[in-house]
Each structure stands twice: as C-alpha cells, then as structure tokens.
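A short write-up of the structure that comes next.
The values are calculated or read from the model by the stated rules, or taken from the named source; none is laboratory data. This structure is a prediction, so every number in the text was calculated from the model and none was measured. All Cβ positions, even for glycine, are placed from backbone atoms using ideal geometry, and neighbour counts span all protein chains on display. Just the protein is used for accessible areas: all its heavy atoms, side chains included, with ligands, DNA and RNA removed. Shrake-Rupley method; radii C 1.70, N 1.55, O 1.52, S 1.80 Å.
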Amino acid sequence: WDVTLGKELYTLQEHKQAVMDVKFHPTKVQAISASADKTLLVWEFFDENSSVEQLMTSRRISLTGHRNAVNSVAVTLDGQSIISGSSDNCIKIWSMKTMKDIKTFSGHKDAVMSVDVNLDSTLIVSSSQDYSVRIW
C-alpha cells in the first residue's frame with residue numbers, strides 16, 4: 001500500500017493457503033510472509049523506483065520445515081534471522097544468509113500463535129493456544 005495515497009500498489013500471491021502474518025525486513029527491500037500452507041516466503045523486491053513490471057517479477061524464496069501452519073513471523077533488528085511460530089507447537093530460527101532453519105524450540109503444548117524478538121536479538125517471546133506466554 002502507498003500510505004500517503006491510501007492506494008494498493010501490488011498484490012503478491014504465491015501461498016497455497018491463508019497468509020497468517022507478514023513483516024518487512026528491517027534493512028533490505030524484502031517482506032517475509034507466514035502461511036497455513038506450512039511455509040514462509042521471503043519476497044525480494046526491487047527498490048522504490050522500480051516499475052510495476054519489475055515488482056511483478058519479485059523473487060520469492062520458500063522456507064520449509066514446519067509440520068503445520070506457520071502463524072507468526074518476526075525478524076531480528078539486524079536482519080540476520082527470521083523467527084517463526086507454528087501450529088506444530090514449535091518456534092524456528094532461520095538464517096537469512098543460508099535460508100535454512102538453524103534452531104528449533106519445543107515446549108508449547110499447542111499451536112504457537114505469535115512470536116517476537118527483543119531489540120538485541122537475545123530473547124524470543126511466544127504465545128500459544130496452550131494459554132501460555134514463554135520467553136526463550
């Protein structure tokens with residue numbers, strides 16, 4: 001969306017099921033979406049001077065590894081890692097460099113609905129349908 005004009009600029013459609021969450025990358029022209037199709041997509045955009053045709057050819061990188069819907073996504077402030085929470089009851093940390101999951105946190109007894117990371121990337125907070133908020 002163009003915030004100033006209140007106008008939609010483009011619709012990105014690649015997920016096979018509902019899109020549950022999306023976040024901008026803090027240092028790159030990228031967005032990361034989380035979906036019920038068990039994937040995260042990293043959308044690499046051109047810069048603000050790009051044409052609509054260039055935006056239509058934005059590159060998508062699929063991150064797979066969750067066994068159920070991905071409900072939430074967060075990105076570390078330095079842009080080096082993605083955090084995801086899923087209905088498989090797990091939280092994953094993904095490397096932006098390799099686009100692979102590098103750590104999995106288990107402990108929730110039901111779906112992880114929301115994740116976030118603190119400013120210095122030393123703590124993750126998660127909420128779950130098991131009625132808990134956990135700090136990792």
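Here are the numbers for this structure:
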{"read-out": "Over the range 63-136: Kirkwood hydrodynamic radius from C-alpha pairwise inverse distances, Å", "value": "12.0 Å"}
{"read-out": "Nearest-20 debye value, the chain charge dipole, Cβ charges on Lys, Arg, Asp, Glu", "value": "480 debye"}
{"read-out": "Relative contact order (percent, whole number), the range 19-135, Cα cutoff 8 Å, 6+ residue spacing", "value": "18 percent"}
{"read-out": "Within the accessible area of the range 19-135 (1.4 Å probe), percent carbon and sulfur", "value": "54 percent"}
{"read-out": "When the convex hull of its Cα atoms is projected in every direction, mean area for the chain (nm²)", "value": "8.6 nm²"}
{"read-out": "Per residue accessible area in Å² of the range 19-135, where ligands, DNA and RNA are left out and the probe is 1.4 Å", "value": "53 Å²"}
